[in-house]
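FYI, it's all coordinate maths here, none of it is from the lab. What you see is a predicted model; the values in this text were computed from it and never measured.
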Amino acid sequence: MATHVRRAASRTVAVATVLLLSALLVSDPAGAASLIKGKVLGSESVTSGTWAATASPSTLTFTTSTAQSSTVTNTGTIALSGIGYKVTVSNPASGSPSFTIYACAVVWSSGRCSGGSGTKIGTSFAKNSTTTTTSTVVPPLSGSAYLQIAPTGVTSSVTLTLGTTISSATQLRAQVSTNQ
């Protein structure tokens, strides 16, 4: 009988220990003052998604040297860290116009980008040319960046066309995941 009582007592202590440890491990840390740490295993990468941006308007016609603007919207599902612009300038009937493009993260107001002049994209774009240049002023996810196209020397009708290009290897911002 004494052996049976000792075995029962040992089982009871073992079960109580397992229950106590389980309660400590499963308890809700929200009210606890302890630090919860996690480990990152492997690496994270973008496995699916789309990257796209569109300029609107994409074709601008100038008959004077007055600046015009265009809005570039991120229509993809991945954040961008850079964007390319293909700028095509037509050959006007007369004159030698050139264009400078400035980017801003907020809407242009009275020719100003939030109190400044914006970030210049590339160099000057001349008549009868097609040039691709890049910018780090990018539209956020489901948002827009704003361009101002400043012409000089316009004496007859000239058209500037904007196209967007995104290189997945260099202009996508990888998604960030953390374990806490």
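The length gained by stretching the chain between S65 and R112 to full extension, at 0.36 nm per residue less their Cα-Cα distance, is 15.2 nm.
For T164, the residues whose amide H sits under 5 Å from its own are A55, K86, ignoring neighbours fewer than 5 places away on the same chain, with H placed 1.01 Å from N.
Work out the P(r) tail for the range 53-165: percent of alpha carbon pairs separated by more than 23 Å, whole number. For the range 53-165, the share of Cα pairs beyond 23 Å comes to 24 percent. What the phi angles of the range 158-164 give under the Karplus curve with 6.51, -1.76 and 1.60, with θ = phi - 60°, is a coupling list of 9, 10, 10, 10, 10, x, 10 Hz, glycine and proline written as x.
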